[in-house]
């Protein structure tokens with residue numbers, strides 16, 4: 001019979017979670033084949049930048065609930081709820097709390113598992129490999145942006161080891177329902193689907209993967225100043241190397257109407273008709289227990305109406321973390337913008353630093 005440890009291991013290895021249940025997660029219920037665990041963290045984060053829009057307090061408290069229930073010897077149900085509470089405003093001000101994950105599903109052993117709700121996308125099965133920075137990781141892709149990262153209304157299916165036929169080979173399929181209404185146009189999506197295939201080469205530490213997503217665009221999106229056509233589509237390919245204490249990953253992606261574009265200076269917004277993105281990261285867990293990481297991110301839009309080609313993002317990211325113990329650590333993350341001051345979209349090009357103290361429970 002599957003245990004909660006195995007369940008969470010399945011979800012993590014399948015790329016369904018970017019928040020790992022820590023070793024000190026509290027079992028708050030375990031009876032009659034039903035188990036519930038609680039964990040979370042408080043992030044005391046502050047941003048420093050000459051860009052006033054980026055600088056300031058960003059304290060967050062995060063609560064994460066995991067649960068599973070045994071159905072029979074081969075099947076079990078599982079669910080997850082994770083919510084962020086903002087703590088950087090006065091108590092009388094409207095809150096900006098939000099739900100990161102909320103899904104429920106069934107695992108059927110070697111036949112795979114499926115779930116529905118707010119979850120990571122199959123595109124993220126590959127993108128996660130370069131998403132190693134807490135603040136500016138995977139900067140080429142946005143949350144609630146079709147099926148590029150985390151999104152709502154998604155039905156997902158994953159199968160590990162291809163029905164036990166090929167060890168290390170994992171396939172994912174996903175469908176997303178239309179979302180419009182009061183949702184801002186840049187966060188809307190039509191009906192869409194995606195698929196992913198990743199392969200961890202045995203005994204090498206090397207993984208290869210690719211993903212493809214496609215979605216219809218809403219009427220509100222078609223009315224935006226930037227972006228044309230009825231559909232969004234994108235593909236990504238990547239590889240990573242895990243060889244403790246080192247880690248490295250690269251990815252390349254091309255998309256149409258996926259990458260959002262916002263320029264307050266030009267008073268325009270929409271999507272890049274075409275975009276090409278490249279990311280590369282490397283990390284080292286040093287003998288002094290310090291984790292040191294570095295990365296390069298670039299994303300370039302092509303064929304933007306009245307603008308032409310333009311950088312959407314181009315930066316170096318540096319990160320360091322020191323754990324005082326299993327529950328408390330401090331991190332520093334620095335984004336060095338490589339955008340010129342007179343870039344075509346007049347995007348902010350100031351550097352930024354994020355300093356964070358983290359208590360995990």
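With a simple spin-label model that places each label point 7 Å from the Cα along the Cα-to-Cβ direction, the separation between residue 162 and residue 51 comes to 4.3 nm. The protection proxy used here, the mean number of other Cβ atoms lying within 10 Å of each residue, ranks peptides 333-343, 270-280, 122-132 as follows, highest first: 122-132, 270-280, 333-343.
In this simple spin-label approximation, residue 31 and residue 183 carry label points 7 Å from Cα along the Cα→Cβ vector, and these lie 3.9 nm apart. The Cα center of the stretch 319-335 and the Cα center of the stretch 245-268 differ in position by 26 Å. Taking the centroid of alpha carbons for each part, the stretch 109-124 and the stretch 186-232 are 15 Å apart. Entry note, the chain: relative contact order of 13 percent, from Cα contacts under 8 Å with a spacing of 6+ residues.
Using the Cβ-Cβ distance between residue 288 and residue 254 with R0 set to 41 Å, the FRET efficiency from 1/(1 + (r/R0)^6) comes to roughly 0.55.
Mind checking the angle between helix 4-13 and the chain's longest principal axis? C-alpha axes, 0 to 90 degrees, to the nearest 10. The answer is roughly 30 degrees. Calculated mean residue ellipticity, 222 nm, the chain: -1500 deg cm²/dmol, from DSSP H runs (n ≥ 4) at -39500 (n - 2.57) each, averaged per residue and rounded to 500. With the simple model of a label 7 Å out from the Cα in the direction of the Cβ, residue 116 to residue 244 spans 4.0 nm.
Could you tell me how far the Cα centroid of the stretch 58-101 sits from the Cα centroid of the stretch 130-181, in Å? Centre-to-centre distance over Cα atoms comes out at 18 Å.
Averaging the sequence gap over all C-alpha pairs within less than 8 Å and six or more residues apart, then dividing by the number of residues, gives the stretch 91-169 a relative contact order of 31 percent.
Remark: the residue 175-residue 216 segment gains 13.6 nm on full extension, using 0.36 nm per residue and subtracting the alpha carbon distance. Would you mind checking the stretch 320-361 for residues with the amide N under 18 Å from a putative spin-label position 7 Å along Cα→C-beta of residue 96? Of the residues in the stretch 320-361, 348, 352-356 have backbone N under 18 Å from the label point off residue 96. For the listed peptides 148-157, 85-94, a ranking on the average number of other beta carbons within 10 Å per residue, highest first, reads 148-157, 85-94.
We did not get these values from a lab; they are worked out from the coordinates using the rules stated. Everything quoted here is computed from the prediction, not taken from an experiment. With ideal geometry, Cβ positions are generated from the backbone for all residues, glycine too; neighbour counts draw on all protein chains shown.
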